Amino acid sequence: MISYKWCNGKIPKDIEIKQVYGIVFNEDGNIFLRIDNGIYKLTGGRPEIEDKSIEDTLKREFIEEANITIKNIHLLGYQLVDENNGIKPYAQVRMIAQIDEIFENRPDLDNGKLYKRVFKSPKETIELLNWGKVGKNQIEEAVKLAKKYY
């Protein structure tokens with residue numbers, strides 16, 4: 001059974017990063033979500049060789065999936081994922097950022113899907129993502145960190 005543990009702070013160098021997702025705020029304090037086949041999701045994805053940093057990964061994914069630029073990116077923390085299959089646990093990174101510019105919606109450059117783009121309050125985001133206690137904690141911590149930086 002897969003286990004998830006939320007960790008604040010920097011990702012240890014010996015832990016592989018398999019995912020970088022953003023909790024991205026607009027000027028009203030609402031969070032950007034994309035809708036994929038009726039399911040609300042954060043935007044992000046896997047680091048690629050051309051990405052020089054996790055910030056670059058997040059910026060690239062926002063352009064590819066949502067055609068949105070982001071700014072003021074800060075590390076929130078990471079989920080340590082253990083699939084309990086003998087493979088070393090890995091990190092799913094969460095970052096916060098602000099919307100910079102929103103361009104015309106277009107299909108995802110990676111897979112051709114066109115996602116609906118919405119902004120929801122933190123409370124609505126917790127409900128719509130439906131990630132349980134771990135997800136609720138991530139969003140609540142993101143709001144606290146956003147208040148500090150924005």
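Derivation of every value follows stated rules applied to the coordinates shown; laboratory data play no part. Just so it is clear, the structure is predicted and the values come from calculations on it, not from any experiment. Quick reminder, even Gly has a Cβ in these numbers, built from the backbone with ideal geometry, and neighbours come from all protein chains shown.
Points to keep in mind about this one:
- Cα-Cα P(r), the chain, percent of pairs per 10 Å interval: 11, 42, 37, 9, 0
- Cα-based convex hull volume of the range 53-98 per residue, rounded to whole Å³: 84
- As a length-normalised measure over Cα pairs under 8 Å and 6 or more apart, the relative contact order of the chain settles at 31 percent.
- Model label zone, Lys148; criterion: amide N under 14 Å from point 7 Å along Cα-to-beta-carbon; scope the range 82-121: 95-97
- One Cα centroid belongs to the range 92-150, the other to the range 17-48; the line between them spans 4 Å.
- Along the chain, counting only GluC sites (Glu not before Pro) with a DSSP assignment other than H, G, I, E or B and at most 14 other Cβ atoms inside a 10 Å radius, the longest segment between sites is 105-150.
- Where only alpha carbons of the range 87-150 are counted, the Rg and the Dmax (Å): 14.7, 41
- Site pair Tyr4 and Ile39 shows an inter-label distance of 1.2 nm when each label is modelled 7 Å from Cα along Cα→Cβ.
- Stretching the chain fully between Glu50 and Glu64 yields a gain of 3.6 nm (0.36 nm per residue, less the alpha carbon separation).
- Farthest toward the positive end of the dipole of the chain, out of Gly132, Ser121, Ile87, is the Cα of Gly132, where the dipole comes from beta carbon charges about the Cα centre.
- Amide hydrogen neighbours beyond the local backbone of Tyr115, cut-off 5 Å, H modeled: Asp108
- Highest to lowest packing among 91-97, 6-12, scored as the average C-beta count within 10 Å: 91-97, 6-12
- Ellipticity estimate at 222 nm from DSSP helix runs (n ≥ 4, -39,500 (n - 2.57)) divided over the chain, nearest 500: -8000 deg cm²/dmol
- Tilt relative to the chain, helix 54-66 - C-alpha long axis, 0 to 90 degrees, to 10: 40
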